[in-house]
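Here's the structure, in structure tokens; my notes come after.
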Amino acid sequence: MGTAGGITSLISYPVLLAVGLSPLHANMTNAVALIGNWPGSTLAGRPELEGRARRLRQLMPFAAAGGVVGTALLLVTPGSIFDHAVPFFLAAASIALLCQPRLATWRRRYLAGASRYLFYAGLFGVCCYDGYFGAGSGVMLLALILVAIDEQLPRANAYKNFLLGVSDVISAIGFAIFGSIDWVAACSLGFGAFLGGVYGPRLARRLPANALRIVVALVGLGLAVKLFIEPT
């Protein structure tokens, strides 16, 4: 589900909570498992990423740096610091996804020269959030890419899968060394993530782009409301 539209953690994180993991362990286990998305989604997304290796190399350091900072924050700070901010981040990203065509037009008109630098800062911020909490980061990054650099959803989705994969690998290494992981759950979820990584991008090419964008945004808003009512 995640590689087709950015909502992996919107499903997997609540499932890990439902089977008995504590919020902190569920978060770390989820981060480790989701590196399974990366190999398959990167290979499946090659048609969309063809000829864009240079841009990806430019963006990877920002994604990696965000993953490092977010992972370090989770390991050394009380979880309550970001708990109350998470629903607002997620709601903002979901609304941006719903309004993406209008925002993209506004960006072309008023921020054409500055959008690249704003995107770098936004990418770092989203990957920092991804390393800290993760649920909804795919929605956030997909919205950012669609508004700032590429309005074609399958190509934006391929960018999102690759860049979040960079951040996820950094987080997984940190959590595996310094955190507490339920390895049975991580391996089970990771295998499903790998299969989704292979087939998700192919599905995204066939789904109506506007319908997929709206569904992902509505799911994100639903989780934002849930997290506002019941913070992690």
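Where a number appears in this text, it was derived from the coordinates with a stated rule and is not lab data. Values in this document were obtained by computation on a predicted structure and should not be read as measured data. FYI the Cβ positions are ideal-geometry reconstructions off the backbone, even for glycines, and counts take in every protein chain you see.
Figures for the structure shown
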item: Kirkwood Rh in Å, taken over segment 137-195 so that all alpha-carbon pairs contribute; result: 13.0 Å
item: Length added when fully stretched, residue 207-residue 116, from 0.36 nm per residue minus Cα-Cα; result: 29.9 nm
item: FRET efficiency estimate (nearest 0.05) - Cβ-Cβ, residue 22 to residue 152, R0 35 angstrom; result: 0.30
item: Förster-model FRET efficiency, 25 Å R0, residue 75 and residue 95, C-beta, rounded to 0.05; result: 0.20
item: Dipole magnitude of segment 12-102, debye to nearest 20 (Cβ charges: Lys/Arg +1, Asp/Glu -1, about Cα centre); result: 400 debye
